[in-house]
Amino acid sequence: MVENSEFLAFADRADTPDVALGQLAALKTRYPDATHHCWAYQIGPLYRFSDDGEPGGTAGAPILRAIQGQGLDHVMVVVVRFYGGVKLGTGGLVRAYGGTAAECLRTAGRFEVRPRVALSVTVGFEHLGALYHVLGEYDLQRGEEGYTAGGVTLDVGVYPEDVEGFTAALRDATRGGAVVGEGFDRPAGLP
């Protein structure tokens, strides 16, 4: 509460502007009686913000500065205001919106998302144990596994800095019997 006005902040991951604006629409539906739904998003090089009827530069820009000040990306923040009858002035609005957004982001759970390289690994059944052993030594994402008469094909997501080591370890463990291709398309000529 700031001078009888209630400010509610919501932050969520947004990987595209459409996702961010969808979150805004959901909050407008959830809080239709709110006086303002001010927001900002940062998605890579893309950013946008809105004061939603508050004086220019007093709501959306401070919310965006709160996002950027904490070094966050792929995030949408919406601050919902229920007007309490007391005008806050431009400085008061900047502090209220920016402070509410910053506190929301400070207390929100965070996680780092790092890109991975998509690989398709194919081994014969005789090398299945070696494949699973190497998989256990790397921090990777396992995807779809397919079986053929000759062996197994497995999609994996590997951090870029681990691709060379993973590929070498797999080829060593299978004595050259593993075939690794980029992407989730099967390597040419394989089952």
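Can you confirm whether region 124-139 contains a residue that is in a strand (DSSP E or B) and under 28 Å from the mean Cα position of the chain (by Cα)? No: region 124-139 contains no residue that is in a strand (DSSP E or B) and under 28 Å from the mean Cα position of the chain (by Cα). With the structure loaded, tell me whether VAL94 is open to solvent by less than 30 Å² (accessible area, probe 1.4 Å), at pLDDT 95 or above and closer than 23 Å to ALA11 by Cβ or whether it fails that test. In short, no. The criterion of being charged (D, E, K, R), under 30 Å from VAL179 (Cβ atoms) and surrounded by 14 or more Cβ atoms within 10 Å (Cβ to Cβ) does not hold for ARG81. Being among the aliphatic types (A, V, I, L, M) and exposed (fewer than 14 other Cβ atoms within 10 Å of the Cβ) is a description that applies to ALA168. Does any residue of region 163-180 turn out to be in contact (Cβ under 8 Å) with a residue 24 or more places away in the chain, within 26 Å of the chain's Cα centre (by Cα) and either part of a loop (DSSP other than H, G, I, E, B) or on the phi > 0 side of the Ramachandran plot (or both)? No, the conditions are met nowhere in region 163-180.
If you go through region 24-48 and pick out every residue that is buried (at least 20 other Cβ atoms within 10 Å of the Cβ), out of contact with any Pro (no Cβ under 9 Å at 6 or more places or on another chain) and not hydrophobic (A, V, I, L, M, F, W, C), you end up with 3.
When region 110-152 is limited to residues that are among the acidic types (Asp, Glu) and out of contact with any strand residue (DSSP E or B) (no Cβ under 9 Å at 6 or more places or on another chain), the one that is modelled with the highest pLDDT turns out to be GLU137. Looking across region 1-25, the residues that are over 15 Å from the mean Cα position of the chain (by Cα) and closer than 22 Å to PHE111 by Cβ come down to ALA9, PHE10, GLY22.
The values are calculated or read from the model by the stated rules, or taken from the named source; none is laboratory data. Computed from a prediction, not measured in an experiment: that's the story for all the values here. In this analysis, Cβ positions are derived from the backbone assuming ideal geometry, glycine residues included, and neighbour counts consider all displayed protein chains. Areas reflect the complete protein model, heavy atoms only, side chains present, ligands, DNA and RNA absent. Shrake-Rupley method; radii C 1.70, N 1.55, O 1.52, S 1.80 Å.
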